[in-house]
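The values are calculated or read from the model by the stated rules, or taken from the named source; none is laboratory data. Just so it is clear, the model here is predicted, and its values are computed rather than measured. So basically every Cβ, Gly included, is an ideal-geometry build from the backbone, and we count neighbours across all protein chains shown. Heads up: the accessible areas ignore ligands, DNA and RNA and are worked out on the full protein's heavy atoms, side chains in. Shrake-Rupley method; radii C 1.70, N 1.55, O 1.52, S 1.80 Å.
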Amino acid sequence: MEGTQAQSRVDPLQSWPTHKLSVVIPAYNEEDGIAEILDRVLSIQPKLAAVGVDGPEVIVVDDGSKDRTVEIVRTYSNVRLIIHAYNRGYGGALKTGFSNATGNLLAFLDADSTYPPESFPELCQEILKGADLVIGSRMAGAKSEMPPTRRLGNFIFANLVSLVGNQHVTDSASGMRVFKREILERIYPLPNGLNLTPVMSTRAIHEGIRMSEVP
């Protein structure tokens, strides 16, 4: 099935009786770790329900993998698989997932277990408190395996982003987020490359979108 990266097919003004979380996982040659991350994401269902959120709807966007990633994902009947015929890039895969998701809350994280999906219920709670975009921050106090040079670069960039806006962001490049579907039309266009996350943060600050961070 060929995905698209067009704007959301679900009307962002549609009213949902409850909140539903869709988790998008971009995957490129992730046969060694894709099963583990899928099991972990699917396991958060009880904790999501406890905070009043349905789901997760789990969507894997395979971005032209050459290994067994697609074969492994197909063994999960409760995971949606979208296949890119060729590699479109990290951002391109995420945008395909966003456009095919059915939840009014959208989330994403990497396929290599870099980020803990067990924190999604906590991120969703911040949305329920009034935030529009919640970032899982590797810089806000929790233990992180981020290399020191990357941590320094992220610190510098995050502070530059914060200076041009009126909101403080510690991890503008984090690849784990939850946000309301309705903000997509305000932050698009977004790039197809790895820079989607810092660009999303910058555009969100520019648009005055209410942001929050969870360590």
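Miscellaneous remarks
- The alpha-carbon of K47 sits under 12 angstrom from the alpha-carbons of these aspartates and glutamates, leaving out residues fewer than 8 places away in its chain: E118, E122.
- Förster radius 22 Å - calculated FRET efficiency between D67 and N195 (Cβ-Cβ, nearest 0.05): 0.30
- Heavy-atom accessible surface of E36, to the nearest 10 Å², is about 100 Å², with a 1.4 Å probe and all protein chains retained.
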